[in-house]
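Down below is the structure, laid out as structure tokens.
The values are calculated or read from the model by the stated rules, or taken from the named source; none is laboratory data. This one's a predicted model, so the numbers in the text were calculated from it and none came from an experiment. So basically every Cβ, Gly included, is an ideal-geometry build from the backbone, and we count neighbours across all protein chains shown.
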Amino acid sequence: MNAPPTRLRPDETGLAATWRDSPGLWGFLTTVDHKRIAARYLVTTLLLLVVAGILAMDMRIQLSQPEMQRLGPQGYNEAFTLHGSTMLFLVSVPVMEAMGLWLVPLMLGQRNIAFPRLAAYSYWLYLVGVLMLWVPHALGVTPDLGWFEYPPLAGPAYGPGKRADIWAQMITFTEVAALAASVNIVATILKLRPPGMTLARMPLFLWAMLVASLMTMLAMPAVMLATSLLIADRLVGTHFFSPQAGGDVLLFQHLFWFFGHPEVYIIFLPAMGFISAIVETFSRRPVFGHAVQVLAIVSVGLLAFGLWVHHMFAVGLPRLGASFYTAASMAIAVPIGLQIFCWIGTIASGRPRYATPLLWVLGFVVTFAIGGLSGIMTASAPLDLQLHDTYFVVAHLHYVLIGGAIFPLFGALAYWYPKGTGRLMSERWGKISFWLILAGFNIGFFPMHLLGLMGMPRRIYTYPEAAGWGTLNLVVSAGVLVASAGAAIMVVNAVLSLWNGRRAGADPWGGATLEWSTPSPPPPWNFAATPVVGSLTPRWDNAPRAMTGVGETRREVLVSSPGEAEPEYRQYSPGPSIWPLLTALGTAVLFVGSIFTPWAVVWGSLPLAAALVGWFWPRPKEAPDERA
């Protein structure tokens, strides 16, 4: 099913003058274009993904043979901490938010996101969080207590120096950035939908981003509170996690995992949205069971907050409490299973075209099924007591996060690559990289289940030859090497296609949603006229009509009602500004300084307050909003 060749492009001279950024470095620092901000997020997160993969290879070389001494215990702990912290906090959630910041306004037919300066601030703050972890590593002060930093090991008695403080403040930076991006996405989806796009007509990707962003707003404060209390224990002598003074170390675990388990689904839900978009386009029919899919997404978002204690079965919980969390952990498989059946039904009843993006979806189904089954196993409290802190859990974690989130992400990057660059990647090399990564991943991580059942504990830097784990560990390392070769091919394919790829045009795949109505790559203003939506698949069912009235000589977005998307008024969209960057630097002064002296909270608030005053200072050109 091909999309109609509709182009909503009246005279764009005024739009080009209104929406362009300043040239050069100043334009780079002041832009509030959601596409440029999202591209920075994507480039940063994907570079960190490569670096985290190199760290993983380093650890696998260390463990490939018994009694290896290439990495000592300190070096291994630092590599393990950097790998886990980078993947969980600096890659997995930010990369999904980056895709949301880039795609949500395009899917809504809007010219920008709801709060452009807040989007810019979120990226600059996220970048400071990246530097907060990696600059100390370059200076030899690497956090080394794992990506979870449990007290009492992270407390003042057992964690001298600044390593634990650096990790804790890195969390603060990244989570504040995530909250800013999530608020932006929620406001955009609820208030900037085009006329006709009721909640019932919203694409599944928008539903997934809406629920995931709401989850972020509810879950992130818990981990920020945990790390802030840890910093208070370490720097100002409080005793929140000190049992000898009336504190409780399990309080940290409860706060951490109240965020940590919803985080899995904050990562996974956008991946569900990617899959729905890809399956719909390449099956050439609307996704089967749209209402079921929406209910499943909402159900996952709700149930995700009732599972966190299954990470703590080994701490000695009451049996009744353990039973409740076991039941909840198994119940969440039901809505996820419904979604998978809907995707399979869509492919089976359509006319599938097995291009590279759809292959990544099929790879997801296989790997996530394995990860889901092992998750149900570890959700059983008696079995979890045997498998806890073994390599079985490492295998489960990677099957869920890589198979359940990274595979759909790779499919999404292949799918929307032509929209962002105007070029198509090589299908031949895309498929080669897919098969290498799929094969290498399963060769590398499936044997970890067996290692866990054989009793190999995780977080060890070496093991004796008599343990009998050497052969399987060598297979694991070989599999990771094969997957790394596939990843290298994918990166080369993406980079070379920027110059040599076939030109894509506006809609190379025949997509059903509004982002395919605008040129590839989209201009700074995205859409010259606001499209009017009449169905779930507007580009397949009818030519999108255009609604006039949104200005060309003034930055404006159309605000609509949350439920029925009825136009309400035209809102001024802030232009380029240096203040988001300066506000992020002021925030950095406050947070970084606080790990050295509590007085930094007082003195650091002054430049932050000055930057906020500049940000919100009224300007004459910012005319009041106008009713539609």
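Output yes when any residue across the range 441-455 is without any contact (Cβ under 8 Å) to a residue 60 or more places away in the chain and more than 26 Å from residue 261 (Cα to Cα), and no when none is. The answer is yes; a qualifying residue exists. Residue pairs whose Cβ atoms lie under 6 Å apart, sitting 6 or more positions apart in sequence or on different chains, and linking a residue in the range 583-610 that is over 15 Å from residue 129 (Cβ atoms) to a partner that is β-branched (Val, Ile, Thr), are 598/236; 604/589; 607/589; 608/587.
Cβ-Cβ contacts under 6 Å between residues 6 or more apart (or on different chains), taken from a first residue in the range 316-330 that is outside any helix (DSSP H, G or I) to a second residue that is among the aromatic types (Phe, Trp, Tyr), are absent.
Every test in (1) hydrophobic (A, V, I, L, M, F, W, C); (2) within 28 Å of residue 146 (Cα to Cα); (3) assigned to a helix (DSSP H, G or I) is passed by residue 241 save one, and that test is (3). Scan the range 388-405 and give yes if some residue there is farther than 22 Å from residue 458 by Cα and crowded, with 16+ Cβ neighbours inside 10 Å, otherwise no. Yes, there is a match, as at least one residue in the range 388-405 is farther than 22 Å from residue 458 by Cα and crowded, with 16+ Cβ neighbours inside 10 Å. When each of 61, 54 is tested for being free of Cβ contacts under 8 Å to residues at least 12 places away in the same chain, of a type in the set (Val, Ile, Thr) and either out of contact with any Phe, Trp or Tyr (no Cβ under 7 Å at 6 or more places or on another chain) or surrounded by 19 or more Cβ atoms within 10 Å (Cβ to Cβ) (or both), the lone residue that passes is 54. For the range 198-222, the set of residues classified as among the polar types (S, T, N, Q) and either farther than 22 Å from residue 412 by Cα or modelled with pLDDT under 95 (or both) consists of 198 only. Is at least one residue of the range 331-350 modelled with pLDDT of 90 or more, more than 28 Å from the chain's Cα centre (by Cα) and part of a loop (DSSP other than H, G, I, E, B)? Yes, because at least one residue in the range 331-350 is modelled with pLDDT of 90 or more, more than 28 Å from the chain's Cα centre (by Cα) and part of a loop (DSSP other than H, G, I, E, B).
Residue by residue through the range 184-226, note down the ones that are in contact (Cβ under 8 Å) with a residue 60 or more places away in the chain, assigned to a helix (DSSP H, G or I) and of a type in the set (Val, Ile, Thr). Of everything in the range 184-226, those that are in contact (Cβ under 8 Å) with a residue 60 or more places away in the chain, assigned to a helix (DSSP H, G or I) and of a type in the set (Val, Ile, Thr) turn out to be 185, 188, 189, 211, 216. Is there any pair linking a residue in the range 70-89 that is of a type in the set (Gly, Ala, Ser) to one that is surrounded by fewer than 21 Cβ atoms within 10 Å (Cβ to Cβ) and not in a helix (DSSP H, G or I), with Cβ under 7 Å and at least six apart or on different chains, and which? As it stands, the answer is 79/71; 84/146; 84/147; 85/147, since those pairs meet every condition given. Just a yes or no: is a residue in the range 578-598 assigned to a loop (DSSP other than H, G, I, E, B), surrounded by fewer than 19 Cβ atoms within 10 Å (Cβ to Cβ), among the polar types (S, T, N, Q) and within 29 Å of the chain's Cα centre (by Cα)? Scanning the range 578-598 turns up no residue that is assigned to a loop (DSSP other than H, G, I, E, B), surrounded by fewer than 19 Cβ atoms within 10 Å (Cβ to Cβ), among the polar types (S, T, N, Q) and within 29 Å of the chain's Cα centre (by Cα).
For every residue, the table says whether it meets (1) buried (at least 21 other Cβ atoms within 10 Å of the Cβ); (2) within 30 Å of residue 70 (Cα to Cα).
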{"residue": "455", "(1), (2)": "no, yes"}
{"residue": "501", "(1), (2)": "no, no"}
{"residue": "507", "(1), (2)": "yes, no"}
{"residue": "524", "(1), (2)": "no, no"}
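Residue-wise test of (1) surrounded by 17 or more Cβ atoms within 10 Å (Cβ to Cβ); (2) in contact with a Ser or Thr (Cβ under 7 Å, 6 or more places away or on another chain); (3) closer than 30 Å to residue 391 by Cα; (4) at pLDDT 95 or above.
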| residue | (1), (2), (3), (4) |
| --- | --- |
| 479 | yes, no, yes, yes |
| 504 | yes, yes, no, no |
| 514 | yes, no, no, no |
| 530 | yes, no, no, no |
| 539 | yes, yes, no, no |
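In the range 239-249, which residue that is free of Cβ contacts under 8 Å to residues at least 24 places away in the same chain and touching a Gly at 6+ places or on another chain (Cβ under 8 Å) is surrounded by the most Cβ atoms within 10 Å (Cβ to Cβ)? Top of the filtered list is 240.
Scanning the range 495-516 for residues that are over 25 Å from residue 203 (Cβ atoms) and in a helix (DSSP H, G or I) gives 495, 496, 497, 498, 499, 500.
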